[in-house]
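Working notes for the structure below.
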């Protein structure tokens, strides 16, 4: 086999260098997205933890329950106050999120492209129904919140007052507004019953 010419050697060197650069940039992007997701989850947890501790509320994290016979749902955080049960999901995403509340998919617009994403509000709503059903609870006492990155923008129409999608920096404001509603507080025995039911239906130990 003939040895590579100088031109071929230079071409191969640039080709290999180009592949390496693309791979490095790809892994940097993946790692940056991973850190962004972890940061959002950490900040949401930190706020909820201090809020629950200060008000003597209960906070559960990484809760698993059956969606049906074949699927398991995951709730990032469950916050139980004396008025509502909050199902909170971290959804690390940046860009303009647009569409309608009931759409199966939403449009995510960034500087580079527009693409379809699964509607996180549908997942949140489905889990709210399951939590209410499994725990014999009026669905109206459950509030669903999807928390997104601070650099995201939301343009979603027809969202009912039971569900919210909010930037992380506005989470405190949203919860404070909901808690300010003129609603009769739960009876203590009902809160205890609900907590016991949640513990009974938690699949978390099986997932570990």
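Each value in this text was obtained by applying a stated rule to the coordinates, not by laboratory testing. Being a predicted model, the structure only gives us computed values, none of them experimental. All Cβ positions, even for glycine, are placed from backbone atoms using ideal geometry, and neighbour counts span all protein chains on display.
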Report task. Return the whole-Å distance between the Cα centroid of segment 55-123 and the Cα centroid of segment 141-165. Result -> 9
**Report entry** Cα-projected label distance for residue 53 with residue 197, points at 7 Å along beta-carbon direction, nm
**Finding:** 3.0
Query raised in the report: Which semi-axis lengths, in whole Å and largest first, follow from the square roots of five times the eigenvalues of the Cα gyration tensor of segment 112-208?
Result: 28, 19, 13
Query raised in the report: Taking the Cα-to-Cβ direction at residue 139 and at residue 102 and moving 7 Å from each Cα, how far apart do the two end points lie in nm?
Result: 1.3
Query raised in the report: In whole angstrom, and with the biggest value first, how far do the Cα coordinates of segment 41-207 range along each principal axis?
Result: 52, 38, 29
